[in-house]
Amino acid sequence: MLATAIEAITTLLTLAGLAYLLLALWGARDFAHYWRGRKLDSGFAPDVTILKPVKGVDPRMYAGLASHCRQQYAGRFEIVFGVSRLDDPAVGEIERLRAEFPECAIHLVECRERLGTSGKVSNLVQMLREARYDYVLINDSDIRVSPLYLSRVMECFADGRVGMVTAPYVGRTAEGGPAMTVWSRLEALGISTDFLLGVLAARWLEDGIRFGLGSTLAMSKAALAEAGGLDQAASSGSFLSALLQPQVFLLAAVYFCFVAGQMGFLFWLPSAMAAFKGLSGLTTGFLFTLPYIAAAIGLLVIGRLSDRAHERRLHAAFTMAFGGCCLLLAVASISHSLVLAFAFVTLSGIGAYGPMGPFWAIPTETLPARIVGSVMGLVNALGNLGAYFAPLIVGYLNKKTGNFHSGFIFLGLITIAGAVLALRLRTASKSGPREAIEAR
């Protein structure tokens, strides 16, 4: 039985990988069609300020900075650099840049204040105060761009629906020296392939870009203020108090219930199927994959519906409740029809994975940006305890009763409990984010 379960799981993982590759290729194809068919005013070139926080010197940093000074741009632009201290080694590179490109408006800001926990965001807040133009473009110091970069990014704002413009990028390794290692080559390869395909797949699934890449974040000052501004991200409030707010622990409780139902189901389903005599190994393996095929479909459909409706809580809660009810109905119907019972088990796979997209969107949309990463780690750590306790409880109930009925009832009830708790989550406004557009 163990060999059959391993065979089924590895087959499922292989099919999932192939499905993702097809999805990524379709996303890349969709992006290529969009880019070739887009119609924008190529003459639209509003004045823009490029904000570049810098610290220290990288081997290829100067080449990247110089590429921004060589822009063939119809409008006016300036580059504002920000450092925490004037004795930073990057200041020498900026002075060298000024000497080589005297025609380019280059400003240096010493960011003396420390606002919040992120030094980079703190510097950006202070640099933004020195920006002269209504549009700002934020990018990293190690980004090297083509002479048409600024024109291609800013012309996207000719479409009044656009709130932010971002741009995909490719990874490059050092030209030689100790930095030219196999690991740096693998990282560059991953950025140019796996990472980029993931972005394009997300763009297709969400019917547009709902996030920005750190390589390029362009927006108007008005749109930035409407989104909450950089000051909110650099809030100097207590990190610990923000991390310990009730929303965080409620997220962890919901995820605990969700993971308990999910992992208990994953762990005990093969054993429950083995209890039915007369099934061949091939039949068992095929039946074992059906809930996960339903789960994959549910993951895509629920996520897409949630994005279209700009709603998270109800999509996550109702999908969890649906999965829990299907498990209870499977137990109730097993004495009447094995086929009907397994149909409910298959549908429960939707509840086991479908809520993941809407659920994980909630912390990114409702919590301060400075704690989102820590919150997701904390929620994962606490929630995944459910993966430890649920299989133990199901095993205990199975041993006490001699069948899996009570164990699957427990999994159904704890999943429904997660749905009830999810209804208490605070979510963002239903008015979705302003449309973003990608440039290259």
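Things to note:
- Selection status of residue 429, at pLDDT 80 or above, of a type in the set (Ser, Thr, Tyr) and under 25 Å from the mean Cα position of the chain (by Cα): no
- Check on residue 359, of a type in the set (Phe, Trp, Tyr) and buried (at least 21 other Cβ atoms within 10 Å of the Cβ): yes
- Residue 406 meets all of the listed conditions (1) surrounded by 15 or more Cβ atoms within 10 Å (Cβ to Cβ); (2) touching a residue at least 40 places away in the same chain (Cβ under 8 Å); (3) closer than 30 Å to residue 342 by Cα but one, namely (2).
- Within region 71-102, tally of residues that are among the acidic types (Asp, Glu) and assigned to a loop (DSSP other than H, G, I, E, B): 2
- Count of region 44-56 residues, restricted to those that are assigned to a loop (DSSP other than H, G, I, E, B) and either surrounded by 15 or more Cβ atoms within 10 Å (Cβ to Cβ) or outside the structural domain of residue 111 (by TED's automatic domain parsing) (or both), is 5.
The values are calculated or read from the model by the stated rules, or taken from the named source; none is laboratory data. This one's a predicted model, so the numbers in the text were calculated from it and none came from an experiment. All Cβ positions, even for glycine, are placed from backbone atoms using ideal geometry, and neighbour counts span all protein chains on display.
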